[in-house]
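Enquirer: One structure, pasted below without further comment.
The values are calculated or read from the model by the stated rules, or taken from the named source; none is laboratory data. Since this is a predicted model, take the numbers as computed values, not measurements. All Cβ positions, even for glycine, are placed from backbone atoms using ideal geometry, and neighbour counts span all protein chains on display. Keep in mind that these areas ignore ligands, DNA and RNA; they rest on the heavy atoms of the full protein, side chains included. Shrake-Rupley method; radii C 1.70, N 1.55, O 1.52, S 1.80 Å.
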Amino acid sequence: MDERVAHVLAGEDAWFVGGAVRDHLLRRPVIDIDVVCTDPQRAARAYARESGGAPFPLSERHASWRVVHDGGRTVDFTPVHGTIESDLARRDFTVNAIARPVRGGEDVDPSGGREDLQLRQLRAVSESIFEDDPLRLVRAVRLEEELGFRLAPMTEQLVRAQAALVTGAAGERVLAELERLNVGGYRRLEELGLLEHLGGRIDDRLHNYDSPRYRLVAVFGENLRRYPISRELGRYANALLRARPLTDPSSRAIHRFRRTTDPWSRAALAYAGDARFERELEAALAEPADRPLVRGDELGLPPGPEIGRLLELIAEERAAGVISTREEALELVRRESTG
């Protein structure tokens, strides 16, 4: 799985665990690796020296360390909790509770994870997994979708019964899971009774545009602000939430729509739920941007919001075909200023 890990931990008790082992058994690409060992800090620093990665503490509380490589691939080192069997008993699903000795040998699989891989099902390691970490309720849906698995019947019953616990998961961690869901994942959240507790609901807009952040806005709307979203995602959400359907295909109407939604006009039109004039919007977006007819400092006015208003008026009248030259733009400003 990674010979350099085996080299720096030679002669020590250490195991590959989690998604890396699962994906290797499923013949899926293994990107990020998790290792449990007795001294994560020493192991991470030694591995970083050998691999050229950058080590840093991932969690002081859990004494975990991470090594990051170019391209974003990570190797995490965490301490083993008691025996490897007791460590695996703390994990979420049996398919993630398989350990492979770094020095070689048979896999440690106390919960029957390999059998569940063959059955293509997600089965809880214990009945307390969602109480221990409510985020696992959302992760269960994400893993179903990514792996093409299905929750085992008893585990699905547990999800439904404990759906309300999901409100206790950290917002940033919930967002990270939600951003990896497709339409089917959101519908599964709704089916299991999780989506309502998360503050979301589904309508026809969910299918209108294919983008992770579009799905977030389509499902959560104003409730998305409950989560610690980035400034960029906030701007994107604002553009979509204030979008209204295009009233007509005129150049003026399209300009006004773009003024409030660019650079996300396509997604905003999809969110507005009316695609009658999608072709006209696409044609406008395909045109190269025109250079401004005039600059703000050429209007002969003191700095202030009036300059912005006049520049926008010039841009709209130009888009509508009313003016096309610098002289016409300045004349428009004169009429507005003296009117």
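Enquirer: Given the stretch 68-165, what whole percent of its Cα pairs are spread farther than 15 Å?
Expert: 65 percent
Enquirer: Along the Cα-to-C-beta direction of Arg173, a point sits 7 Å from the Cα; which residues of the stretch 80-95 have their amide N less than 13 Å from that point?
Expert: So the set is 91-92.
Enquirer: Can you give me the accessible area per residue for the stretch 1-133, using a 1.4 Å probe, in Å²?
Expert: Counting only protein heavy atoms, the per-residue value for the stretch 1-133 is 51 Å².
Enquirer: State the antiparallel share, in %, of DSSP beta bridges confined to the chain, rounding to the nearest 5.
Expert: 70 percent
Enquirer: Roughly what % of DSSP beta bridges within the stretch 1-116 run antiparallel, to the nearest 5?
Expert: Numbers: 15 of 20 bridges.
In the stretch 1-116, approximately 75 percent of DSSP beta bridges are antiparallel ones.
Enquirer: I've got another one for you. Normalise the Debye intensity by I(0) for the stretch 139-201, one equal point scatterer per Cα, no solvent, then take log10 at q = 0.26 Å⁻¹ and round to two decimals.
Expert: -1.30
Enquirer: Given +1 on the Cβ of Lys and Arg, -1 on the Cβ of Asp and Glu, and no further charges, what dipole in debye does the chain carry about its Cα centre, rounded to the nearest 20?
Expert: 440 debye
Enquirer: With the radius of gyration and the Kirkwood radius both derived from the Cα set of the chain, what is their ratio Rg to Rh? Walk me through the numbers before you get to the answer.
Expert: Working: Rg = 27.4 Å, Rh = 24.0 Å.
Reported Rg/Rh (Cα atoms, Kirkwood Rh): 1.14.
Enquirer: Taking the Cβ-Cβ separation of Leu206 and Glu336 as r and a Förster radius of 41 Å, what is the calculated FRET efficiency to the nearest 0.05?
Expert: It comes out at approximately 0.40.
Enquirer: Return the inverse of the average 1/r over all pairs of distinct C-alpha atoms in the stretch 1-122, which is the Kirkwood hydrodynamic radius, in Å to one decimal.
Expert: In the stretch 1-122 this quantity evaluates to 14.5 Å.
Enquirer: Can you send over the carbon and sulfur percentage of the accessible area for the stretch 204-302, probe radius 1.4 Å, protein chains only?
Expert: Its accessible area is 46 percent carbon and sulfur atoms.
Enquirer: Continuing with this model, one more query. Hey, can you rank 218-230, 53-65 by average C-beta count inside 10 Å, highest first?
Expert: Listed from highest to lowest mean packing, they are 218-230, 53-65.
Enquirer: I'd like to know which of Gly18, Val183, Gly52 lies farthest towards the positive end of the charge dipole of the chain, counting +1 on Cβ of Lys and Arg and -1 on Cβ of Asp and Glu.
Expert: So the residue we want is Val183.
Enquirer: So what's the gap between the Cα centers of the stretch 81-138 and the stretch 1-52, to the nearest angstrom?
Expert: First find each Cα centre; the distance between them is then 17 Å.
Enquirer: Calculate, for the stretch 180-339, the solvent-accessible area per residue in square angstrom, rolling a 1.4 angstrom probe over the heavy atoms of the protein chains.
Expert: Here the per-residue accessible area is 58 Å².
Enquirer: With every protein chain left in place and a probe of 1.4 Å, what is the accessible surface of Ser86, to the nearest 10 Å²?
Expert: Probe radius 1.4 Å; accessible area of Ser86 about 50 Å².
Enquirer: I need to check one value: relative contact order of the chain, counting alpha carbon pairs closer than 8 Å and at least 6 residues apart, in percent.
Expert: 9 percent
Enquirer: Also: For the stretch 196-339, what number results from the quotient of the Cα radius of gyration and 2.2 N^0.38 Å? Present the calculation step by step, with values, prior to reporting the outcome.
Expert: Numbers: Rg = 18.3 Å, N = 144, 2.2 N^0.38 = 14.5 Å.
Ratio of Cα Rg to 2.2 N^0.38 Å: 1.26.
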